[in-house]
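Taking it in order: structure first as structure tokens, then the write-up.
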Amino acid sequence: MTPAVAVSNLSKHYGDIVAVDGISFTIGPGTICALLGANGAGKTTTIAMLLGLVVPSGGDIVIFGDDILADRYRVLPRMNFSSPYVDLPQSLSVRENLTIYARLYSVRDIDGRLAALAEELGLGPVMDRKFRSLSAGQKTRATLAKALLNEPELILLDEPTASLDPDNADRVRSSLMAYQRRTGATVLLTSHNMTEVERICDHVIIMRTGHIVDAGTPAQLLDRYGHEDMEQVFLDIARNSKQTAGRERGS
Amino acid sequence: MVAAFSWKRVYAIVLRYLYLLRGSWPRIIDQAYWPTVQMIMWGLVTKFFATHSSWVAQGAGVLIAAVLLWDVLFRAQLGVSVVFMEELYARNLGHLFSSPIRPYEFVSALLCISLLRSIIGVGTAALLAIPLYRYSIFDMGLSLVAFFSVLMVFGWAIGLIICAALLRYGLGVESLAWASIFAIAPVSGIYYPVATLPEVVQPLAWAIPSSHVFEGMRAVLIEHRFDWGLFSTSVVLAVLYVALGCWVFMRTFHSAREKGLLLQVGE
């Protein structure tokens, strides 16, 4: 089966700084995959390269069989993305913001799609409110609505539940999982919430200083490191670089 | 396959600006405020000089026409660079450029918005000049269309170069967006002939399209003739400058992708 995402020997250097150093991985269609790592591990840069927002220094990215560097505009309509580091215009209402992006993604029946998303994500009461007036949870749900507008086959989510209270975080996760079950979409997300990763992810890739240091299903990683939860696995890898060095796959 | 150029995507960005205008009356007033203040001030100067200067008396409304046309250039540039700054303030570039919109579609949208802003801003001031000073710039007819078009295109060129600087250096160069156009005002010969400039500066003046437009405007208003030589040179120069502006923007956009600036750009 053709992987949804195939990355080989991908690297990004900013002068002397190595953000991503020759990583390779594949993500199967319909998989929810987590890209984990401490701050500065290279997760956001990797996602930005998958979107074509950042040009790699080397390596290849193939999404749905198309080379993202050569055929970016063939693939982008099949993808979408959200990140806490990128906002929607604050002076526009949620409806206006979503309408603009629906047009950019050539969504048919914009009103119908917006109504469905408002229902799915509980955005109905705030659709006509300015983005700046929303709470953090509402903003995250509105941004997730933007990420689901075009019914993407690949969703890239950078810390989708960052700074959310447990209730809002749960709503975002539930919406995401419901969408994934309904459409069979592939999801790549970064997260610092290990409970979330255990709960929703089929596959985990762990990065440190631009390298992939380990990968597998949550169950495989728990077993490999002899811990009961992913939090401990994460800490083990982050704090015991010598121990984990032996386990590094380097690709 | 996604179309290589889509007016629908261009319209989506224009719509974003229309939503912004619709939701903010200060923004609407702001479009016409400065052109109107300038027009009123130069209208009063014209009234005074009409009885004290044979040159101004000869060409009725030459100063009002000059200030309105200058504002076309200013609005055209601002229309591009300020709208781009809105995207930087909103930290929205990552979402925009991970969508199927192409950079040149985005540039096309900026140019459309700039045209809209200039028509609203300068159009309001031009209409107000009719009852206030009994002067209608529209009496210039097709000459006005010609001058307007060249100044719009030149303003776009400067606006695109400023956008490139904003993309490269962030909002730290914001003041450039507002002030840079004034650097070419003295050599554009807005209110005086290019011959008034020191001789060493005159070649610089003739190298930009705006000086040709203002000389052409004076030829129409004072000598009652349309100077085709000045006009054709201004068109060639404007096209060259806008091609340069597009190239600089596209080159900087590519460089921003290499440097990872689309996700970082801001203050």
Check your understanding: Toward the positive end of the charge dipole of chain B, about the Cα centre and with charges on Cβ (Lys, Arg +1; Asp, Glu -1), which of B:85, B:186, B:13 goes farthest?
Key -> B:13
Point to revise | For chain B, calculated [θ]222 nm from helices alone, where every DSSP H run of n ≥ 4 adds -39500 (n - 2.57) | key: -25000 deg cm²/dmol
Revision key, fill the gap. Proxy exposure order for A:20, B:248 (fewest C-beta within 10 Å first) is B:248, A:20
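Could you list the trypsin sites (Lys or Arg not before Pro) in region B:87-174 that lie in coil according to DSSP, counting only those with at most 13 other Cβ atoms within 10 Å of their Cβ?
Answer by residue number: B:134.
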Review point. Please state the relative contact order of chain A as a whole percent: Cα pairs under 8 Å, 6+ residues apart?
Key: 25
Exercise for review: DSSP loop (so not H, G, I, E, B), at most 15 other Cβ within 10 Å: list which trypsin sites (Lys or Arg not before Pro) in region A:80-182 pass both filters.
Suggested key: A:108, A:129
Revision key, fill the gap. In terms of the charge dipole of region B:7-259, which places +1 on Lys and Arg and -1 on Asp and Glu at the beta carbon, the residue among B:176, B:133, B:200 farthest towards the positive end is B:176
Practice item. Could you work out the mean count of beta carbons from other protein chains within 10 Å of each residue's beta carbon in A:52-59? Key: 4
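Which GluC sites (Glu not before Pro) does region B:215-259 hold that lie in a coil by DSSP with at most 15 other beta carbons within 10 Å?
Here the GluC sites (Glu not before Pro) that fit, given the DSSP loop and packing criteria, are B:223.
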Study note, to complete from the structure: Total charge of the residues flanking residue A:47 in space, meaning their Cβ is under 13 Å from its Cβ, with Lys and Arg +1 and Asp and Glu -1, is 0
Review point. Averaged across the residues of B:93-106, what count of C-beta atoms belonging to other chains lies within 10 Å of each residue's C-beta?
Key: 6
Check your understanding: What percent do you get for the relative contact order of region A:35-179 when only Cα pairs under 8 Å and 6+ apart count?
Key -> 27
Practice item. Report, ordered by chain and residue number, the aspartates and glutamates lying within cross-link reach of residue A:43, taken as a straight Cα distance under 12 Å and ignoring same-chain residues fewer than 8 apart. Key: A:21, A:158, A:159
Check your understanding: Gain in length, residue B:200 to residue B:136, computed as 0.36 nm per residue apart minus the alpha-carbon separation, to one decimal in nm?
Key -> 19.5 nm
Point to revise | Cut-off 12 Å between beta-carbons: net charge of the residues surrounding residue B:206, Lys and Arg +1, Asp and Glu -1 | key: -2
**Study point:** Residue mean of other protein chain beta carbons inside 10 Å, A:88-96
**Key:** 5
Check your understanding: How much FRET efficiency would the formula 1/(1 + (r/R0)^6) give for residue B:5 and residue B:30, where r is the Cβ-Cβ distance and R0 is 35 Å, rounded to 0.05?
Key -> 0.65
Practice item. Let me know the longest stretch in chain A that avoids all GluC sites (Glu not before Pro) found in a DSSP loop with at most 15 other C-beta atoms within 10 Å. Key: A:1-227
**Study point:** region A:134-231 - percent relative contact order, Cα under 8 Å, separation 6 or more
**Key:** 22
**Study point:** Dipole axis of region A:155-217 (+1 Lys, Arg; -1 Asp, Glu on Cβ), positive-most option in A:176, A:213, A:191
**Key:** A:176
Point to revise | Net +/- balance of residues flanking residue B:144 in space, Cβ distance below 14 Å, scoring K and R +1, D and E -1 | key: -1
Study note, to complete from the structure: Taking Cα atoms, the helix B:62-89 axis meets the longest principal axis of chain B at an angle in degrees (rounded to 10) of 10
Review point. Could you give the dipole magnitude of region B:7-259 about its Cα centre, charging the beta-carbon of Lys and Arg +1 and that of Asp and Glu -1, in debye to the nearest 20?
Key: 740
Practice item. With r as the distance between the Cβ atoms of residue A:73 and residue A:14 and R0 = 22 Å, compute the FRET efficiency 1/(1 + (r/R0)^6) and round to 0.05. Key: 0.30
Study note, to complete from the structure: So for R0 = 45 Å, FRET eff. of residue A:217-residue B:236 from the Cβ-Cβ r, to 0.05, ends up at 0.10
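Taken together, the values in this text are just the output of simple stated rules run on the coordinates, not laboratory data. On a predicted model such as this, the values are computed, not experimentally measured, just so you know. Methodologically, a virtual Cβ is constructed for each residue, glycine included, from the backbone with ideal geometry; neighbour enumeration extends over all protein chains shown.
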